[in-house]
Amino acid sequence: MILIHCPYCDEDRPEIEFAYGGEAHIARPLDPSAMSDAEWERYLFIRNNPRGRHHERWRHSHGCGRFFNAVRDTVTDKFETTYKAGEPRK
Amino acid sequence: MSDVLTRSEPLPAEAFSGNQVVIRAAPAMARFSLRARTAAEVSAVLGFEAPAKIGATAHGVACLGPDEWMYRGAPDAPPPVAAGQMVAITEISHRNTAIVVEGPRGAEVLSAGCPLDLSKFDIGRATRTVFETVEIIVEREANDRFHVEVWRSFAPWLWTAITQVAAE
Amino acid sequence: MTRFSAISLIAKALNGHKDWPEQWPDAAPKPAYDAIIVGGGGHGLGAAYYLAKKYGITKVAVLEKGWIGGGNTGRNTTIIRSNYLYDESAHLYDHAVKLWDGLSQELNYNTMYSKRGVMMLAHNVHDIQSFKRHIHANRLNGVDNEWLTPEEAKAYCPPLNISPDARYPVLGAALQRRGGTARHDTVAWGYARAAAALGVDVIQNCAVTGINRGPDGAVTGVETTRGSIACKRIGVSAAGNTSVIMQMAGLDFPLESYPLQALVSEPVKPIFPCVVMSNTVHAYMSQSDKGELVIGAGTDQYVSYSQRGALHIVEHTLAAICEIFPIFRRMRMLRTWGGIVDVTPDRSPILGKTPVQGLYVNCGWGTGGFKATPGAGDLLAYTMAKDEPHPINAPFNLDRFRNGRLIDEAAAAAVAH
Amino acid sequence: MTSYRLPQGGRINRAAPLTFTFDGKSYQGFEGDTLASALLANGVQLFGRSFKYHRPRGLVGAGSEEPNALISVTRGPGRFTPNLRATSIEAYHGLKATSQNRWPSLRFDFGAINDRLGMFFPAGFYNKTFMWPRSFWEKLYEPAIRQMAGLGNPPTEDDPDHYSATYAHCDLLIIGAGPAGIDAALEAAGTKKRVILIDEQPEAGGGALADPCLWAWLERSLQALADAPNVTLLTRTTAFGYFHDNFIGAVERLTDHQSEPGHGPREKLWRIRAGDVILAQGAIERPLVFDGNDTPGVMLASAAKTFAVRYGVAVGQSAAVMTSHDSGWRDAFLLKQSGVGIAAIIDVRSEVARPLHDQAAALGIPVRLGQSVIGVTGRHAVQSIEIAANDGTGRTTLPCDAVLMAGGWTPTVHLWSHSKGSLDWREDIGAFVPARPAEKVRCVGACAGNWDFGSGLTIDALPTPKDPRRIKAFVDFQNDVTAKDIRLAIQEGFRSIEHIKRYTTNGMATDQGKTSNLNGLQIASTALARPVPEIGLTTFRPPYTPQSFGALAGHAKGALFQPTRKTNIDSWAEDNGAVFELVAQWRRARYFPQPGEDMHAAVNRECRAVRQSVGIFDASTLGKIEVVGPDAAEFINRMYTNPWKSLEPGRCRYGLLLKEDGFITDDGVSARLAEDRFHLTTTTGGAARVLNMMEDYLQTEWPDLNVWLTSTTEQYAVIALQGPMARKLLEPLVERIDLSPEAFPHMAVREGV
């Protein structure tokens, strides 16, 4: 059970309080109907899935309830940092 | 009509007592969820200083998240009125019920299913967390007294779990 | 290739087992091949075998970064079944089940495919309705599947707790009798040996580090930790590492890799005759020939390549197993391990061509790739040989995420109102 | 039967005798004995049968590394446990133990035919056979293999015991309470650190328990730790797995050592989050590989020492010590001083340090250097051994009734490996030792490769003049893997250590290779003529020793397995004969059959009632979300497929919720209670999912919207009242609501009491 630093609570909290939210910084298109099928596919389905540094979303669902972003190494599962939603990509 | 109805309670009226711990249902109370962008707006609604730090409590109000406060009052307490403030007020008096765990083994009993380090959980702190798979809000009211809020349909399970641990 | 049989075993035994040859040569990379398979799991080795056997392409290399069968092939719970809801899925998985039958004889390697029956438990009204729908759909596709009452389910699997007072009572079960298990390692080794006998090079400890492409964009070969290799056809069958390989060709893929845990108990004498799955409770189990209870646990929630899972996943899995089979509470967990499963948005595999000429892919099998091993190998080989998909795998193309023709087996099992 | 109990010594309580049975026969032991030590004291050497060849087997070790002596324990209905190690079963009065994997009896086992035919069952034989005729696999071969395989019998009854679990937190977790672990704990005693020290044995002390010179120190140290309020000592507790971020799983055994199981939990799962971890798990002695090394009576020298010193039991009257390491000599000396006869010390090395010679001479122990055991006579017990010089000359026979192996030491790095720490090969000790940590952890003492056992030679197999293809020199005792199996695997092209492991099953038994991995690796290294580090090490997986499903499930049994959510109306429904259905975690009244009615009859009657008059439905399980704020309408308008902004307060609308890929994810009727307040409903199973999805959009896509979401699913009980008589039924029950169709039209909402 990994420990996750919630940037809102400013505490390390156990994984079972959190819900994983998939890859981070995928900008939602402002006008989906104007997009090509390829662009829409990329938005909906294409994921980075790297071996190594991964930007991802978490929600402290059984805590403060907030979504936030994290950088984690997918080979070691170690977090590099976590930061609040809306902050620029780290 | 309503005066002939009785409310069914999910928790037993009788306390569990033994092994240096007493577990009982908290008395009925009014509960409101207050949501706002700042503690100042919540304070303006309540008429007293609402805690601004997540996890802090004051005057029956707990700050559970950056935009979330839970206010608990007497059973007949009227709902707070937004009065022009940008505060969303929702009554949750009956969504939650609560179990009070008290005694020298209180922290140990809760630690059976709660993954937080309760020895570092100061008096007056409150937070949402879990007991095994069930969401709870735990508040340390005194060194050996914890107030545990839980949604009512999970309350019987939580009661059974906590009392079983206490009996061990 | 020395033919394996009781007779050859006895003959070799009397000679002190002195002259058993290598089951497959430990090949070194040659400068060029007609086709390269990236990934030496059962799927990749199977593809190489069928390329050589059925489609006449024998200048084939299988490149494995570690040791063959060391990925999900050697880390799964070996369940074989084809009782999927949608026509496309039923055709795909049943193609594999048909190939499983007789595979030991074809490869001359005992893969221990055992049609012990796969029973899926229904715990609520929604499960009953859903499973009956599956059964009817399966029968229309010629896939065997039948409904069992709780009593019939218990007769088929005596350790089952069918008490109506259980937290998740057993209200019935769907049974596919042709479903069962096989021995995972032997599938990889059997394909490797049979493929090598047909001229395929099985190259271990050879990681692909780049995919080379010509001016027209078509593939021209691969870069590896053991040098460059030229070829015009590359089939990628790298499970959880597919995203990483595809990035080398500049392709972003609709895949995410999650940790999946499994565990076995200490071995005991036969007690558990079939495979039982409970999607509602998240537990599935069988007993291996060795006597171990083989149990599939859940995936962890985050993407990871660590092959390491969390304790609470195992706790929940074993709690569920003990509720359905209370006699096993005193059994002991011997070993847990983790795999990396590559999951697509619609939970169905991707098997076909890619936008890069000469680059083919077989991935996205999620938690259920083992059962498809011979079928996936055969269809990848077909697609590579003909440069077009077989009708069975045509629906499982990459384009479906663009044109919306998803095959959503996850949605097929959705929760009721 | 001769008693092998030494007249004095040991940590057993000779004032507390106890009686137990093994295979139905009654024996005496003492409090403090294990089943193994008590049986040994009674002259029992045959403990079990091996997995594949059903060879008779005795003890190899004295602790949890034991590969052979697997035992079933029965203690009343539902309390049957197979595959326990005799060396880890604490003896208690009334213990009922039975041997396994034999029929009809331990001494006479039909399965032993496999051993006679063993030449036809080399590694991987089942890959090559049983394919013809095809139909025989499922009908004949596989059932026969299954019947022969397996170890103990499975439990067949529900387990009456319950299990406990807890989280725990500490600043320092020390795993292993041997001298190194105790020293580490003493160092932290009296500091502000919260320290947990855990050990798998019933008594803390580890290796010190088998060294009388350390007993005074041990007593003092344990007293100091008991006096230190910041230190918690957990014995009978096995740390079985090392998970992310210093999260360690351990199981404490609470009742299995008691005569009566009592009413408390049988075992307790400890989920420990530690600031720092110190691993002090010690090292396990390595067996030597030679023909007949699995004969009952051939065991580790350290185990024989433990039996003598800790339990006061002689493993034989005349034991031969076969060693490649100084520690074998030291153990021989201690055994001799404890009253165990030593027939000879045989060392494969040609030279050893002078003081060893001197002490052997002083104790009158014959010494043979540069020689090895090349064979063992005796099937159920050692009768004699054959010895030869390393060049094969000078074959002689030596009568003895035990052979003690001292093949060097293997640091116990299992948990270190779970934590993903790297390992370095140390040629001088022939073992992998911890190198770079991946967590906040360090190893101390023997598990770090630091010990004062002296030096030695690690050797893949003892030299023998016999044909190595014709002898049975075991590497993995439990799985019956021999040196020639490993060589055959390599001959057949299995070169990676993982392939060798899987092809031969070396290290895959219930001891997870604690005594076999390194010997297997050395043999592979020699056969491949490549250094060990190039061949690699198989990965250790949790658990360190097998742990019960029950303990891992913890409290989650019966009523505590998973919550059953009930509505406020549930008890009324139950009183009125409802048949319930499970939806998500809820149970919900499905229909109310009257006597003699089946489901269809009841449902038809209920439908008719709704069509013709009125019916009620408990809809409390439907999810409810209160959406509050000036932008509430804007938010809902963006979430659902249909327009919401124009909905007037007091009116309802049906909403359809799609995922971004266009698939329907949920639906429900929602009401606008006020300009800035909506009451949404969701499906029962979708409640949490929908709230999460809405929070996601609100927090991450539209943080500018002034609106907040609160689950009110459980704030309200809900009765759906349906049918032409609905208004009439409701009318006398409510106040402050005008129920007339004009005042309360279709899709309207009104509040009252």
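Each residue in the range B:62-87 was checked for being part of a loop (DSSP other than H, G, I, E, B), more than 19 Å from D:H679 (Cα to Cα), away from chain A (no Cβ under 14 Å) and open to solvent by 30 Å² or more (accessible area, probe 1.4 Å), and 7 pass. Cβ-Cβ distances below 7 Å connect the following pairs, each with a first residue in the range D:534-552 that is free of Cβ contacts under 8 Å to residues at least 24 places away in the same chain, a second residue that is open to solvent by less than 20 Å² (accessible area, probe 1.4 Å), and a separation of six or more residues or different chains: D:F549/C:L318; D:F549/C:I321; D:F549/C:C322; D:F549/C:F328; D:F549/C:R329; D:F549/C:M331; D:F549/C:M333. Pick from the range D:111-122 the residues that are touching a residue at least 60 places away in the same chain (Cβ under 8 Å) and part of a helix (DSSP H, G or I): which of them is farthest from the other protein chains (Cβ to nearest Cβ)? Selected residue: D:A112. In the set C:T373, C:T367, C:T354, only one residue is under 11 Å from the mean Cα position of the chain (by Cα), surrounded by fewer than 24 Cβ atoms within 10 Å (Cβ to Cβ) and in contact (Cβ under 8 Å) with a residue 60 or more places away in the chain; that residue is C:T367. Counting only strands (runs of 3 or more DSSP E) wholly contained in the range D:330-418, the ones carrying 3 or more residues that are over 36 Å from the mean Cα position of the chain (by Cα) occupy D:342-347, D:367-369, D:371-377, D:384-389, D:396-399.
Conditions (1) open to solvent by less than 60 Å² (accessible area, probe 1.4 Å); (2) β-branched (V, I, T), marked per residue:
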position	(1), (2)
D:P155	yes, no
D:T166	yes, yes
D:H169	yes, no
D:G205	yes, no
D:E219	no, no
D:Q223	no, no
D:P229	no, no
D:D245	yes, no
D:I272	yes, yes
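Filtered by the rule that a residue be more than 15 Å from the chain's Cα centre (by Cα) and part of a strand (DSSP E or B), the range D:233-262 gives D:L233, D:L234, D:F247.
Tell me, please, whether a residue that is surrounded by 21 or more Cβ atoms within 10 Å (Cβ to Cβ), outside any helix (DSSP H, G or I), more than 7 Å from every other protein chain (Cβ to nearest Cβ) and on the phi > 0 side of the Ramachandran plot can be found in the range D:123-140. Scanning the range D:123-140, I find at least one residue that is surrounded by 21 or more Cβ atoms within 10 Å (Cβ to Cβ), outside any helix (DSSP H, G or I), more than 7 Å from every other protein chain (Cβ to nearest Cβ) and on the phi > 0 side of the Ramachandran plot, so the answer is yes. Taken over the range D:91-110, the criterion of being surrounded by 18 or more Cβ atoms within 10 Å (Cβ to Cβ) and in contact (Cβ under 8 Å) with a residue 60 or more places away in the chain is satisfied by D:A91, D:Y92, D:L95, D:A97, D:T98, D:S99, D:L106, D:D109.
Among the residues making up the range B:66-110, those that are within 21 Å of B:A25 (Cβ to Cβ) and either of a type in the set (G, A, S) or touching a Cys at 6+ places or on another chain (Cβ under 8 Å) (or both) are B:G73, B:A74, B:A77, B:S93, B:A98, B:G103, B:G106, B:A107. For B:V42, the conditions (1) outside the structural domain of B:E102 (by TED's automatic domain parsing); (2) open to solvent by 50 Å² or more (accessible area, probe 1.4 Å) all hold with the exception of (2). Of all residues in the range C:300-323, those being open to solvent by less than 10 Å² (accessible area, probe 1.4 Å) and in a helix (DSSP H, G or I) number 8. Look at (1) open to solvent by 50 Å² or more (accessible area, probe 1.4 Å); (2) without any contact (Cβ under 8 Å) to a residue 60 or more places away in the chain; (3) within 14 Å of another protein chain (Cβ to nearest Cβ); (4) out of contact with any strand residue (DSSP E or B) (no Cβ under 8 Å at 6 or more places or on another chain) and you find that D:G190 fails only one, number (3).
Screening C:Q105 on (1) modelled with pLDDT of 95 or more; (2) within 14 Å of another protein chain (Cβ to nearest Cβ); (3) crowded, with 24+ Cβ neighbours inside 10 Å shows it passes everything except condition (3). Taking the numbered list (1) touching a residue at least 12 places away in the same chain (Cβ under 8 Å); (2) open to solvent by 20 Å² or more (accessible area, probe 1.4 Å) in turn, C:S163 passes all entries but (1).
When the strands (runs of 3 or more DSSP E) confined to chain A are screened for residues that are open to solvent by 60 Å² or more (accessible area, probe 1.4 Å) and under 28 Å from B:F131 (Cα atoms), those reaching at least 1 such residues are found at A:3-6, A:11-14, A:79-84. The helices (runs of 4 or more DSSP H) found wholly in the range D:497-556 and carrying at least 3 residues that are open to solvent by less than 10 Å² (accessible area, probe 1.4 Å) occupy D:497-504, D:517-528, D:549-553.
So which residues in the range C:132-148 are under 21 Å from C:A283 (Cβ atoms) and open to solvent by 20 Å² or more (accessible area, probe 1.4 Å), if there are any at all? Break it down into steps so the answer makes sense when it comes.
Step one: list which residues in the range C:132-148 are under 21 Å from C:A283 (Cβ atoms), which gives C:134, C:145, C:147-148.
The answer is C:H134, C:W147.
Listed residues D:S571, D:S548; which is within 14 Å of chain B (Cβ to nearest Cβ) and of a type in the set (S, T, Y)? Reasoning before the result, please.
Values: D:S548 fails: within 14 Å of chain B (Cβ to nearest Cβ).
Only one candidate passes the filter, namely D:S571.
Return only the number of the condition from (1) facing another protein chain (nearest Cβ under 7 Å); (2) more than 30 Å from C:I245 (Cβ to Cβ) that A:P32 does not satisfy. Failing condition for A:P32: (1). Kindly establish whether C:E256 is within 14 Å of chain A (Cβ to nearest Cβ), open to solvent by 30 Å² or more (accessible area, probe 1.4 Å) and among the acidic types (D, E). Taking the combined requirement at face value, the residue satisfies it.
If you go through the range C:228-250 and keep only what is open to solvent by less than 30 Å² (accessible area, probe 1.4 Å) and over 19 Å from C:G41 (Cα atoms), you end up with C:I229, C:C231, C:A249. The strands (runs of 3 or more DSSP E) located wholly in the range B:88-168 that include 3 or more residues which are open to solvent by 10 Å² or more (accessible area, probe 1.4 Å) and either touching a His at 6+ places or on another chain (Cβ under 9 Å) or more than 10 Å from chain D (Cβ to nearest Cβ) (or both) occupy B:134-142.
Scanning the range D:694-753 for residues that are in contact (Cβ under 8 Å) with a residue 24 or more places away in the chain, away from every other protein chain (no Cβ under 14 Å) and either in a helix (DSSP H, G or I) or open to solvent by less than 40 Å² (accessible area, probe 1.4 Å) (or both) yields D:G723, D:A726, D:K728, D:A748, D:V749.
Being within 11 Å of another protein chain (Cβ to nearest Cβ), closer than 30 Å to D:S422 by Cα and out of contact with any Cys (no Cβ under 7 Å at 6 or more places or on another chain) is a condition met by at least one residue of the range D:552-562. Would you please name the residue that is nearest to the other protein chains (Cβ to nearest Cβ), looking only at residues in the range D:474-496 that are under 25 Å from D:M148 (Cβ atoms) and assigned to a loop (DSSP other than H, G, I, E, B)? By that ranking, first place goes to D:E492.
The values are calculated or read from the model by the stated rules, or taken from the named source; none is laboratory data. As the structure is a prediction and not an experimental result, all values here were calculated from the model. So basically every Cβ, Gly included, is an ideal-geometry build from the backbone, and we count neighbours across all protein chains shown. Accessible surface areas use protein heavy atoms only, side chains included; no ligands, DNA or RNA. Shrake-Rupley method; radii C 1.70, N 1.55, O 1.52, S 1.80 Å.
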